[in-house]
Amino acid sequence: MGETVLDVLMYMFENFSAEEQEPDHAILREELLTAGFAEMQVDRALDWLEQLTEGNGRPFANQPLNRSSRLFSRFEMTRLDTECRGYIIYLEQVGILSAMQRELIIDRVMALDSAEIDVEHVKWVVLMVLFSQPGEEAAFARMEDLVFDEHEGTVH
């Protein structure tokens, strides 16, 4: 069908995020397969989600300071265009993301199997990361407004 890992993740986020407790992976996998997603994409999406939840409490080897500047690696720059990189930095500058969340988002965006990554992909990953973190309801609500706002402005 041509779906990507992000398509599966977005479907999961839209359909299962309101549930009180995390659904069983085996049941979730079966529901996704029944919904028509390819087995390989479902497995990759579940792995992506598992890596997100595993990494939430773990600090990076060199934990970034809140006032640190981010230099993107050559590999990151080949996957994330200027608009994507600028959007991530913008979200940090306006206080939606912390430096640690910025790093987690870059990690999760880089883990997508999409050949091309655009700002819409970044927005959805940011929503998923913020949703997965306890105590980030205000940041999630601000990001949700940005994602679903009908009058999107350009970021300079």
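The values are calculated or read from the model by the stated rules, or taken from the named source; none is laboratory data. For clarity, every value in this text was computed on a predicted model and none was experimentally measured. For neighbour counting, all protein chains shown are included, and Cβ atoms are generated from backbone atoms with ideal geometry for every residue, glycine included.
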Task: Total residues in segment 20-44, condition within 20 Å of the chain's Cα centre (by Cα) and among the hydrophobic types (A, V, I, L, M, F, W, C) - done: 5
TODO: Filter segment 106-145 for residues that are surrounded by 15 or more Cβ atoms within 10 Å (Cβ to Cβ) and of a type in the set (Ser, Thr, Tyr) and give the result.
DONE: Ser132
TODO: Report, by residue number, each residue of segment 106-151 that is in contact with a Lys or Arg (Cβ under 8 Å, 6 or more places away or on another chain), among the aliphatic types (A, V, I, L, M) and either over 12 Å from Tyr87 (Cβ atoms) or not in a helix (DSSP H, G or I) (or both).
DONE: Met110, Ile117, Met128, Val129
Task: Pick from segment 67-76, criterion surrounded by fewer than 10 Cβ atoms within 10 Å (Cβ to Cβ) and either within 11 Å of Ala99 (Cα to Cα) or among the small types (Gly, Ala, Ser) (or both), ranking: modelled with the highest pLDDT - done: Ser69
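Go through segment 63-105 and report how many residues are part of a helix (DSSP H, G or I), among the β-branched types (Val, Ile, Thr) and either touching a residue at least 40 places away in the same chain (Cβ under 8 Å) or closer than 13 Å to Val126 by Cβ (or both).
Here the count works out to 3.
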- [ ] Taking the residues in segment 82-110 that are modelled with pLDDT under 95 and acidic (Asp, Glu) as candidates, determine which candidate is nearest to the chain's Cα centre (by Cα).
- [x] Asp107
